[in-house]
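Reading through the C-alpha cells given below for one structure.
The values are calculated or read from the model by the stated rules, or taken from the named source; none is laboratory data. Only a predicted model underlies this, so the values are computations on that prediction, with no experimental measurement involved. Here the Cβ positions follow ideal geometry from the backbone for every residue, glycine too, while neighbour counts run over all protein chains shown.
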Amino acid sequence: MTEMPPSRMMAAICDGPGAALTLREVDTPKPGPGEVLVRLEGCGMCHSDLHLRDGQENLPDEAYPVIFGHEGIGRVVQVGPDTPDAPAVGRRVGLPWLYDTCLACKPCRSGWETFCTGQTARGVQHNGAFAEYALSPTAFTIPIPEAIDPVKGAPLLCAGLTAWSALARAEVTPGQHVLIIGAGGLGQYGVMIAKARGARVFVVDTDPDKLATAMTLGADHAIEAGPNAGAAVKALGGADVTVNFAPSPAVWDTIRDAVNPVSAVVAVAMVHTPVDLSMMWLIDGGHRVFGSSVGTRQQMIDFLDFAALHPLPIEVQALPLADVNTALDQLKRGEVAGRLCIDFAL
C-alpha cells in the first residue's frame with residue numbers, strides 16, 4: 001500500500017557557493033513518470049559534499065538552491081504514474097552519486113556509464129539525500145540487501161563503491177602487492193577489498209592513527225608519508241597496483257619510487273594540480289596510469305551483494321540532520337576516523 005508522505009519535509013539546503021547549509025522546511029517532492037519517492041533512513045557524508053559546500057566545484061548560479069547528499073539509503077514510499085518497472089513500495093533502495101546517464105552513448109552501452117558525458121549527479125544537478133525524502137529515477141535506483149544496515153551501510157554507495165571499482169579496474173589478483181595511499185574512509189575500504197582479493201597491502205598516510213586503523217583492518221604494512229615512503233614500499237617488495245585516495249599532488253613522488261615494473265596506477269582522489277609524469281618512465285616501466293570514478297550500477301549491485309555476505313567493519317559516526325555543517329567542518333579538519341552518516345532516526 002502506498003504511503004502518503006507529509007506535504008512538507010526537512011532538508012539541509014545550500015543557497016550558493018561557499019554558503020553553509022541551512023536546515024529548513026520545504027515541499028516534499030512528488031514522483032513523476034519513471035520515478036519513485038524514497039523516505040531516507042541514512043545518508044553518508046562525502047568529501048564531495050564538502051567541496052560542493054565550500055564552492056570548489058564551480059557550480060553555475062542556476063544550480064542553487066540545492067540539496068547535497070549521494071550516499072542515501074531508504075525505503076520506497078510512492079511510485080510515480082506509468083512506472084511499471086519500479087521497485088515495490090517498502091523496498092529498501094540506494095540513492096547513489098550517479099543520478100542518470102544518456103543510456104545511448106558508447107560508454108553507456110559498453111559498461112562504462114560513469115564516463116557518459118551526459119551524466120547527471122545526485123546532489124549536484126538534482127537534489128540529493130540530505131533530506132527526509134528524495135526522488136530517484138527507477139533505472140538508477142539500486143536495491144539494497146536487507147542484511148545491510150541503512151546507516152552503517154550508506155557510505156558503501158560512494159566511498160565503498162569507489163574503492164571496489166578502482167580495484168576492479170586494476171584487475172587485482174591474489175598475490176599481488178597493492179599500495180593504498182590515504183587511509184581515510186575510502187582507503188580503509190580499499191584495504192579490506194584488496195585483502196578480500198588476496199593481495200598483500202601497503203598503506204601510506206600522514207596520520208599515525210589512520211595507519212594504525214588500517215593495520216587493524218588487515219593491511220600488511222603501514223608507512224608514514226614522506227620523501228622516503230616510496231623507497232620503503234619498494235624495499236618491502238614494491239607495488240604492482242597503486243590506488244591514490246589522497247587529494248595531493250605530493251603523492252606522485254611516492255608512487256614513482258614505489259612501483260614495480262608493469263604496474264597499474266589508479267587515480268581516484270581529486271587532484272587538480274599537474275604532476276611530473278615522465279613519458280620515459282611509462283615506456284621503460286610499462287606502467288598503466290588511469291582514473292576511476294565511483295562505479296556503475298552493476299558494480300554497485302555486485303559490491304552490495306559482497307558486502308552483505310562480508311561486512312566491512314569501518315567506523316561510521318551517526319549524526320542528526322541538524323548537525324550537517326558541524327560534521328562537514330569536522331571532515332574538513334581531517335578529524336574523522338572512518339565515515340560520517342546522517343541518521344534520520346536521530
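Of Glu41, Glu71, Glu57, all but one fail to be out of contact with any Lys or Arg (no Cβ under 6 Å at 6 or more places or on another chain), farther than 26 Å from Leu346 by Cβ and not β-branched (Val, Ile, Thr); the exception is Glu57. Within region 312-329, residues that are assigned by TED's automatic domain parsing to the domain that holds Glu25 and closer than 22 Å to Ala183 by Cβ reach partners that are among the basic types (Lys, Arg) and buried (at least 17 other Cβ atoms within 10 Å of the Cβ) with beta carbons closer than 8 Å, at six or more positions or on different chains, in the pairs Ile314/Arg339; Glu315/Arg339; Val316/Lys152; Val316/Arg339; Gln317/Arg339; Leu328/Arg53.
If I filter region 321-335 down to residues being touching a strand residue (DSSP E or B) at 6+ places or on another chain (Cβ under 7 Å) and buried (at least 16 other Cβ atoms within 10 Å of the Cβ), which single residue comes out as modelled with the lowest pLDDT? If we take residues in region 321-335 being touching a strand residue (DSSP E or B) at 6+ places or on another chain (Cβ under 7 Å) and buried (at least 16 other Cβ atoms within 10 Å of the Cβ), then Leu331 is modelled with the lowest pLDDT.
Restricting Val271, Val259 to residues that are surrounded by fewer than 20 Cβ atoms within 10 Å (Cβ to Cβ), within 21 Å of Ala163 (Cα to Cα) and not hydroxyl-bearing (Ser, Thr, Tyr) narrows the list to Val271. One residue alone among Ala269, Ala307 is in contact (Cβ under 8 Å) with a residue 60 or more places away in the chain and either among the acidic types (Asp, Glu) or closer than 17 Å to Gly182 by Cα (or both), and that residue is Ala269. Within the set Asp100, Asp61, the sole residue that is touching a Phe, Trp or Tyr at 6+ places or on another chain (Cβ under 9 Å), of a type outside the set (A, V, I, L, M, F, W, C) and under 20 Å from Gly123 (Cβ atoms) turns out to be Asp100. Among (1) in contact with a helix residue (DSSP H, G or I) (Cβ under 8 Å, 6 or more places away or on another chain); (2) under 17 Å from Leu167 (Cβ atoms), which single condition is Gln298 missing? Of everything listed in (1) in contact with a helix residue (DSSP H, G or I) (Cβ under 8 Å, 6 or more places away or on another chain); (2) under 17 Å from Leu167 (Cβ atoms), Gln298 misses just condition (1). When each of Val172, Val124, Val151 is tested for being outside the structural domain of Pro33 (by TED's automatic domain parsing) and part of a loop (DSSP other than H, G, I, E, B), the lone residue that passes is Val172.
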